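Asks: What follows is a structure written as structure tokens; I'll ask about it next.
The values are calculated or read from the model by the stated rules, or taken from the named source; none is laboratory data. From a predicted model like this one, the values you see are computed outputs, not experimental measurements. As a convention, Cβ positions derive from the backbone with ideal geometry for all residues, glycine included, and neighbour counts pool all protein chains shown.
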């Protein structure tokens, strides 16, 4: 990320009263703190000890069962519990990109994945190009919020190449249907599948997972050992008990409804207050990908937004070449309440008006 | 690790009644489960949200203050909270070994570090040789349990090269003095310093840290972002409260006394039951490094030990070239109770007797 952008955003977080569209965080109000604390109360001392790198068996069984429900042939032993989806991506990169390779990524792509590919020395190309590894979020893309169209999905599965499937938002689609079959179900031997509880339970527990083709399973465990020996076993143990005792699917229904209402509220507010901006209605997830006809400088817009008490994630950090143009921004609807969204959109509208006025002046 | 060894050890853990010297784990009986659960009860919902990569400020302040007490010029902002010491080592390797380099390691070295250096393509050499990076555990070496002799310490600080200081056991020295000044205090701009709460509080929380020379600080945060975005903020928050409310230094006094008694018990039992074996009295830590005059095959010894209901870590995994000879083993005194240690030593003695008998027979 641009150092200036990080600096601006750190300042923003430290300032009270800011209503931010940045970060793409889940809503803290939904975190089941009391239930997790109760689960810790029942946890046994062995959960504080060292554990095997693949993670606790009960949790791995639960993850495998959910993937089987969606048609993927996965056993508990195939699951590697990781420190969030990000570590699953890191390990997947270590397993598949030993040398500089071509990696295909969506036009607007999760920045944490871009960072990993770049650090591995990969050459980044567009989704429709030939590549050694295709990174995809077929169920719900971040930041676009769209589901991979059927034709693109078929094209992807038709390649012989490896696929890194990031399923982070799969259970947060707004259509209330069961999540679509993962690519893993269609190509078990070519797909590295990444999941997480960060979006649906809470990020602070750092529970994610990686399922690799069977031939890479042991290498995955060794990579996890090298990285940090094992996941947080206390957090895993808490989550195991939580999942035994609580209605996780019921929780998902209520989260989908909440975030879907959030998306509607943000789209409505944007149409009212910044009618010139463009976006597509998301099919799930936490955010909109917003463009404008005007060619704004994203750091200038961010500075103006902060001056008015709001913030967003600039488009460049989602692009494989870091391009700042055309202007785009990710606006998350996941953290703000509906009335806050209205106010934040007004603030953003004021920021754009300020910039328009300056532009008119300087060209006058 | 040798696949056969891992297989044998996994089977051993699954079998009840085994009294194992393997693993080098802290004693689970010392884990402050109730106090940690109480701390979670007081934790706020923000501890479950995403956080900055460097970790929670209160915890970083505490770590920096303890390092300052030992003479190192460290501020909270210099500390990167990691997922245990292992991740701190991994990030340190990423920051210092971009290309194949020479790394100097002790003759018997922590295997998790060896794995990282090898995966980075480093050439491994002995401690006394010139190298680009020197890995050292100056306060207490794992597995040897010794403190780095003054002359070796001076030699190390006299080189111009980078030092990776693994301080995991520094607070578990048996002399009841404050821990020695870290190398970090003597060479702030050349030492990457690694610490952890895994040995003194519990491993399951996965709390470790890395302090780098200031010029590498931002790169360290970026590496943490790539690796897993951030540490487990729930665990960090629990530990922050625990450290505010509990007597951590009093805890250390009791742990040192416990592990020192464990070391005495193991040494006594070995002298009684396997008098031919050699070891030096450890100055701290969890283990003895034991050799024998006889040239045993370590996998055979391990198999015989398991047949008698005990286990150990074979010496080869601690050696930079993986050499199986001369025969050596790490025996941990940290998990077994004093009477169990006696029994486990008897079992190990029986294993050696079996092997002697077989050898006599086959040479007859």
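Asks: I'd like to verify a number: residues in region B:120-172 that are farther than 30 Å from residue B:253 by Cβ and either in the same structural domain as residue B:286 (by TED's automatic domain parsing) or in contact (Cβ under 8 Å) with a residue 12 or more places away in the chain (or both), how many?
Replies: Number of matching residues: 20.
Asks: Here's a follow-up. Could you check how many residues of region B:230-268 are in contact with a helix residue (DSSP H, G or I) (Cβ under 6 Å, 6 or more places away or on another chain), away from every other protein chain (no Cβ under 14 Å) and crowded, with 23+ Cβ neighbours inside 10 Å?
Replies: Of the residues in that region, 1 qualify.
Asks: Here is a further query. Which condition breaks for residue B:205 when tested against (1) more than 17 Å from residue B:60 (Cα to Cα); (2) within 16 Å of the chain's Cα centre (by Cα)?
Replies: (1)
Asks: Could you please give the count of residues in region A:164-216 that are more than 18 Å from residue A:24 (Cβ to Cβ) and in a helix (DSSP H, G or I)?
Replies: The number of residues fulfilling the criteria is 7.
Asks: I would also like to ask the following. Going through region B:208-222 one residue at a time, which ones are at the interface with chain A (Cβ under 10 Å from one of its Cβ atoms) and in contact with a helix residue (DSSP H, G or I) (Cβ under 6 Å, 6 or more places away or on another chain)?
Replies: B:208, the sole residue that qualifies.
Asks: Same structure, new question: Go through the residues of region B:270-287 one by one and say whether even a single one is outside any helix (DSSP H, G or I), more than 28 Å from residue B:175 (Cα to Cα) and in contact (Cβ under 8 Å) with a residue 60 or more places away in the chain.
Replies: No.
Asks: Could you tell me which residue of region B:112-123 is nearest to the other protein chains (Cβ to nearest Cβ), considering only residues that are within 22 Å of residue B:327 (Cα to Cα) and in contact with a helix residue (DSSP H, G or I) (Cβ under 6 Å, 6 or more places away or on another chain)?
Replies: Looking at residues that are within 22 Å of residue B:327 (Cα to Cα) and in contact with a helix residue (DSSP H, G or I) (Cβ under 6 Å, 6 or more places away or on another chain), I get B:115.
Asks: Go through region A:143-163 and give me each residue that's surrounded by 15 or more Cβ atoms within 10 Å (Cβ to Cβ) and outside any loop (DSSP other than H, G, I, E, B).
Replies: A:152, A:153, A:156, A:157, A:162, A:163, listed by residue number.
Asks: Okay, next question. From the list B:157, B:225, exactly one residue is out of contact with any strand residue (DSSP E or B) (no Cβ under 7 Å at 6 or more places or on another chain) and within 14 Å of another protein chain (Cβ to nearest Cβ). Which is it?
Replies: After ruling out the rest, the residue left standing is B:225.
Asks: Could you list, in sequence order, the residues of region A:18-41 that are in contact with a strand residue (DSSP E or B) (Cβ under 9 Å, 6 or more places away or on another chain) and at the interface with chain B (Cβ under 8 Å from one of its Cβ atoms)?
Replies: A:23, A:25
Asks: Tell me whether region B:241-255 contains one or more residues that are in a loop (DSSP other than H, G, I, E, B) and under 21 Å from residue B:339 (Cβ atoms).
Replies: Scanning region B:241-255 turns up no residue that is in a loop (DSSP other than H, G, I, E, B) and under 21 Å from residue B:339 (Cβ atoms).
Asks: Right, something else. Determine if region B:53-74 includes at least one residue that is touching a helix residue (DSSP H, G or I) at 6+ places or on another chain (Cβ under 6 Å) and more than 26 Å from residue B:245 (Cα to Cα).
Replies: no
Asks: Something else now. Going through B:345, B:332, B:281, B:351 one at a time, which residue ends up being over 19 Å from the mean Cα position of the chain (by Cα) and within 30 Å of residue B:252 (Cβ to Cβ)?
Replies: Just a single option satisfies the conditions, and that option is B:345.
Asks: Is it the case, given these coordinates, that residue B:53 is modelled with pLDDT under 95 and closer than 30 Å to residue B:266 by Cα?
Replies: No, not satisfied.
Asks: Return only the number of the condition from (1) within 14 Å of the chain's Cα centre (by Cα); (2) within 17 Å of residue A:74 (Cβ to Cβ) that residue A:142 does not satisfy.
Replies: All conditions are met except number (2).
Asks: Say we look at region B:42-79 and pick out the residues that are under 27 Å from residue B:114 (Cβ atoms) and within 13 Å of chain A (Cβ to nearest Cβ); which of these is surrounded by the fewest Cβ atoms within 10 Å (Cβ to Cβ)?
Replies: By that ranking, first place goes to B:53.
Asks: Another question about this same structure. Answer yes if at least one residue in region A:100-111 is surrounded by 22 or more Cβ atoms within 10 Å (Cβ to Cβ), at negative phi and within 14 Å of chain B (Cβ to nearest Cβ), and no otherwise.
Replies: Yes, that holds for at least one residue.
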